[in-house]
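Here is the structure we will look at.
The values are calculated or read from the model by the stated rules, or taken from the named source; none is laboratory data. Quantities reported herein were computed from a predicted structural model and do not represent experimental measurements. Neighbour counts run over all protein chains shown; Cβ positions are idealised from the backbone, glycine included. Please note that ligands, DNA and RNA were not included when accessible areas were found on the heavy atoms of the full protein model with its side chains. Shrake-Rupley method; radii C 1.70, N 1.55, O 1.52, S 1.80 Å.
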Amino acid sequence: KSLLPNTFVVLTGPHVSALPEESLNLCNRIDAVARHEYDMTLVEMASAIPDRSKLKEVKGITFRQDGDLVSTPDREFIQDLDSLPFVSAVYKKHLTIENYFYAHCRFPVVSIFTSRGCNARCTYCVYPEQMFGRRQRQRSPENIVEEFIYIIKELPHVKEVLIDDDTFSFNQDHTIKFCELMIEKHIKIPWSVECRANLKYETMVMMKKAGCRLIVIGFESADDTILKNVKKGISSERMRIFVEDAKKADVMIHSCFMAGNRGETKETLMKSLNFAKELNADTCQFFPLMVYPGT
């Protein structure tokens, strides 16, 4: 902003969506915040910036106007996610893939979303709350497979695709249809995915046949009281069944735990640690609770 004072600076993301006014007040070099799901918001803002008086017609923004902060009404969520371009095409144009990695994925990796929003009600999760909503919207299986084909053709050095949805498999019929298309199209590139522990064994078998290498699974705690406190919607017993099924289906597991949720004690932390050792997933990580604005 100091080099290009006429630049119009816009921030996006969960933090500024939760605290747009505070964010603008903290830094006068920020001109506006595009709140929540911002794809079409940014397109409309780009058209409105030459005539700043038109900004008030753009839904989903908070911006400066004559020394005041103005917030327009929230924008509706995009329902037809197939209408959006492939993010992998954006990567190809603008990024060097090798500069990015996930420790549990093969390198180099491409990360994509196949859905937005999440039907779960976990109290700690900022993305459904502040970005994409509490109802999952999915791309069609055909559209997802087309992006895999694009990646294989345009980014042939990629060794894995990470499907980085909040939860990939809420609709397991949709998951199976996607897997059937992957098999039908003979797509061989491995992929990893984030799922909930209510995933059925039959679905995991299909995922494995379609190239799924690893499932990232959020267990959070082995204590059922804490799981209820955070509205996880999954019991520790169901987690054990999931692990048994995943091992039978020969899909690797990257297990995720949290430390510090409501009701946590030294005893419950040790319970989770012992549970993680008992489950013996392929890899495991523990996060301290991060208290995000808006959760």
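Taking segment 115-257 on its own, what percent of its Cα-Cα pair distances exceed 28 Å?
Numbers: 1883 of 10153 pairs.
Taking all Cα-Cα pairs of segment 115-257, the fraction more than 28 Å apart is 19 percent.
Subtract the Cα-Cα distance of ARG121 and GLN79 from 0.36 nm times their separation in residues, and report this length gain in nm to one decimal.
On the way: separation 42, 0.36 × 42 = 15.12 nm, distance 2.04 nm.
Length gained between ARG121 and GLN79: 13.1 nm.
For the chain, find the longest principal axis of its Cα atoms and tell me its angle to the long axis of helix 39-48, 0 to 90°, nearest 10.
10
Strictly greater than 21 Å: what percent of every Cα pair in segment 115-188 meets that? Write down the numbers at each step before the final one.
Working: 952 of 2701 pairs.
The proportion of pairs with Cα distances above 21 Å equals 35 percent.
Along its three principal axes, how long is segment 195-295 when you only count alpha carbons? Whole Å, largest extent first please.
Principal extents (Cα only, largest first): 40, 31, 20 Å.
For TYR38, TYR100, give me the order by solvent-accessible area with a 1.4 Å probe, most accessible first, ignoring ligands, DNA and RNA.
Values: TYR38 75, TYR100 115 Å².
My answer, sorted largest first, is TYR100, TYR38.
Need the list of aspartates and glutamates near LYS54 for cross-linking: C-alpha distance under 13 angstrom, and skip anything on the same chain fewer than eight residues off.
Leaving aside aspartates and glutamates fewer than 8 places away in the same chain, those within reach of LYS54 are GLU44.
Regarding segment 27-70, what is the average projected area of its C-alpha convex hull, in nm²? Could you put the intermediate results ahead of the total?
Details: hull surface 12.5 nm².
So the mean shadow area of the Cα hull is 3.1 nm².
Taking every Cα atom in segment 1-121, find the radius of gyration and the maximum pairwise distance Dmax, and write them in Å.
Reported Rg and Dmax, both Å: 16.8, 51.
Per DSSP H run of n ≥ 4, the term is -39500 (n - 2.57); total these for the chain, divide by its residue number, and report the mean residue ellipticity at 222 nm rounded to 500 deg cm²/dmol.
On the way: 10 runs with 99 residues, N = 295.
Helix contribution divided over all residues of the chain: -10000 deg cm²/dmol.
Going Cα to Cα from LYS266, which lysines come in below 26 Å? Please leave out same-chain ones fewer than 8 positions away.
LYS228, LYS231, LYS232, LYS277
Gain in length, MET290 to ILE149, computed as 0.36 nm per residue apart minus the alpha-carbon separation, to one decimal in nm?
Values: separation 141, 0.36 × 141 = 50.76 nm, distance 3.68 nm.
Extending this stretch completely gives an extra 47.1 nm.
Net charge within 9 Å of ARG213 by Cβ-Cβ distance, Lys/Arg positive one each and Asp/Glu negative one each, not counting ARG213 itself?
Working: positive: ARG106, LYS208; negative: GLU160.
Result for the local shell: +1.
Over all distinct alpha-carbon pairs, what is the Kirkwood Rh of the chain in angstrom? Don't skip to the end; give the middle numbers.
Working: mean 1/r = 0.0475 Å⁻¹.
After inverting the mean inverse Cα-Cα distance, the result is 21.0 Å.
Note down the accessible area of ARG75, probe 1.4 Å, to the nearest 10 Å².
Looks like 50 Å² after rounding.
If you rank HIS157, HIS104 by how much accessible surface each has, with a 1.4 Å probe, what is the order from largest down? Intermediate results must be reported in sequence, preceding the final value.
Numbers: HIS157 70, HIS104 40 Å².
From most exposed to least exposed: HIS157, HIS104.
Say each of GLN65 and LYS277 gets a label point 7 Å from the Cα, pointing the same way as Cα to Cβ; how far apart are those two points in nm?
6.1
Can you list the residues of segment 255-295 with backbone N under 14 Å from a point 7 Å past the Cα of LYS228, pointing along Cα to Cβ?
Those under the cut-off are 263.
Lysines within cross-link reach of LYS159: Cα-Cα under 26 Å, excluding same-chain residues under 8 positions apart?
Cα-Cα hits under 26 Å: LYS92, LYS93, LYS177, LYS185, LYS188, LYS208, LYS209, LYS247, LYS248.
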